[in-house]
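See structure below.
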Amino acid sequence: MVANFNTIYGKTAPGANDAAMAEPSNAASNTINRGVNAMTAATGYDSTRVTSSGGVDNPFYRNNAQYMPGWGNTFGIDALDPHGLPSGATAQDRATNYVGQNDPSGVWAGVRQNLVQNEGAAIDHLPKDAQGNPVGNIGFGDVYQGHVRAYHDAEQTARDSGANPNAGNPFIDPLSFGLAMYGAPLMEHLGINAGPITGASIDYFNDPTDSVGQGWLKRAGLGLGEMAAGGAIAGPLGMIPGAASLAWNTGTAVNAYAEQQHLFGDDDKGHGLGVTQWAGKEGDAANHAIAGLTGSETLGSIAGGVTDVAATVGGGLYAGATALGAGVSSLASDAGSAISSGVGAVLSW
């Protein structure tokens, strides 16, 4: 797959932000990241820069930094954005250039390319100035949904091609993603290159080549750890963010399992429907049926909404019970293999 990451919007010239956004390099940063890279390698991943092993640099987030979300345009605290540019640009530049080194199936290449396309489309929808250049910033939701779609599309491509028929790890919850978007770049205020630790966290917790079950197990452990840490710091209320993370990642795993196992039939392209897709179709059908019978679009809309919610809850319970009861690779048998491989890697390191 030939990468095409060089999309430029507005008046930013290629390379204009390269110097400002260059990764910090100093004794403290390099020492910390050598340790990060060693631990990442011990678990079978690579958190060095993509270009160090012959990969393709992705300059999209440097070239279009001014359009990304960050502390300043989200919370009004410009001082927290590193390099004088939005933290979302820094976070994504580090992420895209520190993951996907070993990519025989092309899954990572698909993710990186789709992200450029998805976020580029969001930039295209910004208001325009008199010269037709975009004005303002895309939002956190634009970036998050762009990631969700990019991961889903790349995983489906891997399954369709047979390159990796078990790929299916859905994108991580928005809370954890928000920590990466706004939190990791703060390290660069201290002169520490956030690239390796960002890449390592994505490799481990959001590897799109993991199966549904492997990804869920890793993130379930992360959610439980967040609950324990939050509880220790702030009592029961401190456990809420970790619990929300765990619930979200469990829900998306169940949704992905239903899709892979075709529990609710297929879409018009022959791909399995997830819980939410199926529930949406059921809601639409109820909407049309009631509107047709009563002649009221309002009653149809109410019926559709109620049906959508009921189908989502019921379908999720059914898919989750099926996944756990069957003991298939998506949510049960992968747990043993993931634990054993993780323990083996730690012991060998």
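Considering the chain as a Gaussian network with a 10 Å cut-off on Cα pairs, which listed residue, VAL99, VAL275, VAL313, attains the greatest mean-square fluctuation?
Residue with maximal mean-square fluctuation among VAL99, VAL275, VAL313: VAL313.
In Å and whole numbers, how far do the C-alpha atoms of segment 216-281 stretch along each principal axis, longest first?
49, 22, 13
Would you mind ranking LEU186, LEU217 so that the residue whose beta carbon has the fewest other beta carbons within 10 Å leads the list? It would help to have the intermediate numbers written out before the result.
Numbers: LEU186 16, LEU217 22.
The fewest-first ordering by Cβ neighbours comes to LEU186, LEU217.
What value, in deg cm²/dmol to 500, does the helix sum -39500 (n - 2.57) over DSSP H runs of n ≥ 4 give at 222 nm once divided by the residues of the chain? Before the final figure, lay out each step's value.
Working: 13 runs with 202 residues, N = 349.
The helix contribution divided over the chain gives -19000 deg cm²/dmol.
Measure nothing but the geometry: give the 0 to 90° angle between the long axis through the Cα atoms of 275-294 and the longest principal axis through the Cα atoms of the chain, rounded to 10°.
40 degrees
Magnitude of the Cβ-charge dipole of the chain, K/R +1 and D/E -1, about the Cα centre, nearest 20 debye? Don't skip to the answer; put the middle values down first.
Details: 13 positive and 30 negative charges, 106 e Å.
In debye, rounded to 20, the chain gives about 520.
What's the magnitude of the charge dipole for segment 1-209 around its Cα centre, counting Lys and Arg as +1 and Asp and Glu as -1 at the beta-carbon? Answer in Debye, nearest 20.
Values: 9 positive and 19 negative charges, 33 e Å.
I would put it at about 160 debye.
Going by C-beta contacts inside 10 Å, put SER25, SER211, SER161 in order with the fewest on the left.
With the sparsest Cβ surroundings first, the list reads SER25, SER161, SER211.
Rounded if a/c is under 1.5, else prolate if a/b beats b/c, else oblate: with a ≥ b ≥ c from the C-alpha gyration tensor eigenvalues square-rooted, which is segment 252-303? Show your work: numbers first, answer last.
Working: a/c = 4.69, a/b = 2.57, b/c = 1.82.
Prolate.
Neighbour counts of other C-beta atoms within 10 Å: give me LYS218, LYS128, LYS281 arranged from fewest to most.
Numbers: LYS218 20, LYS128 13, LYS281 17.
Fewest to most other Cβ atoms nearby, the residues stand as LYS128, LYS281, LYS218.
Tell me, Kirkwood radius of segment 1-209 from alpha-carbon pair distances, in Å?
On the way: mean 1/r = 0.0577 Å⁻¹.
Taking every pair of different Cα atoms in segment 1-209, averaging 1/r and inverting gives 17.3 Å.
If you line up the long axis of helix 195-205 against the longest principal axis of the chain, both from Cα atoms, how many degrees apart are they, to the nearest 10?
20 degrees
Please determine, in degrees from 0 to 90 and to the nearest 10, the orientation of helix 333-348 with respect to the longest principal axis defined by the Cα atoms of the chain, where the helix direction is its Cα long axis.
For 333-348 against the chain, the angle is about 20 degrees.
Could you derive backbone 3J(HN,Hα) for segment 119-136 from the dihedral phi with the Karplus parameters 6.51, -1.76 and 1.60 (θ = phi - 60°), listing whole Hz in sequence and x where the residue is Gly or Pro?
6, x, 5, 5, 5, 4, 8, 5, x, 10, 7, 5, 8, x, 8, x, 10, x
Which Cα, out of GLY183, SER47, THR209, lies furthest along the positive dipole direction of segment 1-209 (beta carbon charges, K/R +1, D/E -1)?
Result: SER47, furthest along the dipole toward the positive end.
Among SER301, SER29, SER87, whose mean-square fluctuation peaks in a Gaussian network model of the chain (Cα, cutoff 10 Å)?
Answer for the Gaussian network model of the chain: SER301.
FYI, it's all coordinate maths here, none of it is from the lab. All figures in this text were calculated on a predicted structure; none of them were measured in a lab. Note that each Cβ is placed from the backbone with ideal geometry, even for glycine, and that neighbours are counted across all protein chains shown.
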